[in-house]
């Protein structure tokens, strides 16, 4: 993955826990950073044992914004999100990779149902601005938050609702008033829009409730698009969540991995994911979602064979170049060799 150093021209306090970073793109990188609404950037931030890589969705729209904008919400004990919110200021630089991700509408003219939880509004905001600026689609948004102070883009959503009241409806769900979202209650909010394609983004508990609600309302699975925001608490360097979890396949192997200028030989237990093996050894590989959605953990297979349990990002040209997803790879040969270069 190639990173480029972009200058931060503005830092916007969206809520007490969420900041947006405006990034200026040099003309020479314009083609490489062409993006679609709903995509994300992988950002690299410093850490005592090397760099951390996390993915942050673009809240800017390619149809309305000149600069790139990502929105970062603090996570308790989250090393990357807290470092960004505490340290990044206008004039600083941030290392980011070109846009990626498939959480993006196929047409801006389609009517869409949007369900967002917390910072899950970030890619949804990009979709909303793009559809309203360049498409003919009508949008219905249900946006869940803890309380009024947690609502990211509150003023911007209100302004868009006033300007495009015939095409955009926004329903806020506040846990402080209604309790946590539940299918029975959400159904009444989405039932009249069940014929639309649905885009769901947020933390895993919200996504599960939203998916269940949509299925109960009769929305076919193939018309439900999901982006999960996994918090970095418990999955960052030194915390090793998920280490030792086994898939139903794979075999014991010896792993050789090139990372951060060094080569390491590690034991790889049958069924354990490649990413978990590397983290358990005290190394610091890049990763983000751990679900096969984002591609931040991609590395190249130099020797041996692996299976990918799940993949939503790599395509045939990527496989032809040897790329695999560390978070989804289990060993299929006695010896496996990978590189992060």
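The values are calculated or read from the model by the stated rules, or taken from the named source; none is laboratory data. Because the structure is predicted, anything quoted here is derived from the model rather than measured. Every residue, glycine among them, receives a Cβ derived from its backbone with ideal geometry; neighbour counts consider all protein chains shown.
Restricting attention to the range 30-47, the residues that are over 18 Å from the mean Cα position of the chain (by Cα), in contact (Cβ under 8 Å) with a residue 60 or more places away in the chain and either surrounded by 21 or more Cβ atoms within 10 Å (Cβ to Cβ) or outside any strand (DSSP E or B) (or both) total 1. The residue of the range 66-88 that is nearest to residue 133 (Cα to Cα), among those that are free of Cβ contacts under 8 Å to residues at least 60 places away in the same chain and either surrounded by fewer than 17 Cβ atoms within 10 Å (Cβ to Cβ) or more than 15 Å from the chain's Cα centre (by Cα) (or both), is 66.
For the range 184-211, what are the residues that are under 24 Å from the mean Cα position of the chain (by Cα) and over 23 Å from residue 138 (Cα atoms)? Those that are under 24 Å from the mean Cα position of the chain (by Cα) and over 23 Å from residue 138 (Cα atoms): 203, 204, 205, 206, 208, 209.
Taking the criterion of being within 13 Å of residue 68 (Cα to Cα) and more than 19 Å from the chain's Cα centre (by Cα), the only residue of the range 13-24 that qualifies is 24. If you go through the range 251-288 and keep only what is in a loop (DSSP other than H, G, I, E, B) and buried (at least 22 other Cβ atoms within 10 Å of the Cβ), you end up with 273, 285, 286, 287, 288. One residue stands out in the range 212-229 among those that are touching a helix residue (DSSP H, G or I) at 6+ places or on another chain (Cβ under 7 Å) and not in a helix (DSSP H, G or I): the one that is farthest from residue 137 (Cα to Cα), namely 229. Please work out if residue 92 is farther than 24 Å from residue 170 by Cβ, free of Cβ contacts under 8 Å to residues at least 24 places away in the same chain and assigned by TED's automatic domain parsing to the domain that holds residue 55. Considered against the rule, which asks whether it is farther than 24 Å from residue 170 by Cβ, free of Cβ contacts under 8 Å to residues at least 24 places away in the same chain and assigned by TED's automatic domain parsing to the domain that holds residue 55, residue 92 comes out as no.
Just checking, does the range 175-190 include any residue being within 24 Å of residue 289 (Cα to Cα) and out of contact with any strand residue (DSSP E or B) (no Cβ under 7 Å at 6 or more places or on another chain)?
To start, the set of residues in the range 175-190 that are within 24 Å of residue 289 (Cα to Cα) comprises 180-181.
With out of contact with any strand residue (DSSP E or B) (no Cβ under 7 Å at 6 or more places or on another chain) added as a condition, the list becomes 180.
Within the range 175-190, one or more residues are within 24 Å of residue 289 (Cα to Cα) and out of contact with any strand residue (DSSP E or B) (no Cβ under 7 Å at 6 or more places or on another chain).
Against the numbered list (1) modelled with pLDDT under 95; (2) crowded, with 22+ Cβ neighbours inside 10 Å; (3) not in a helix (DSSP H, G or I), residue 21 comes up short only at (1).
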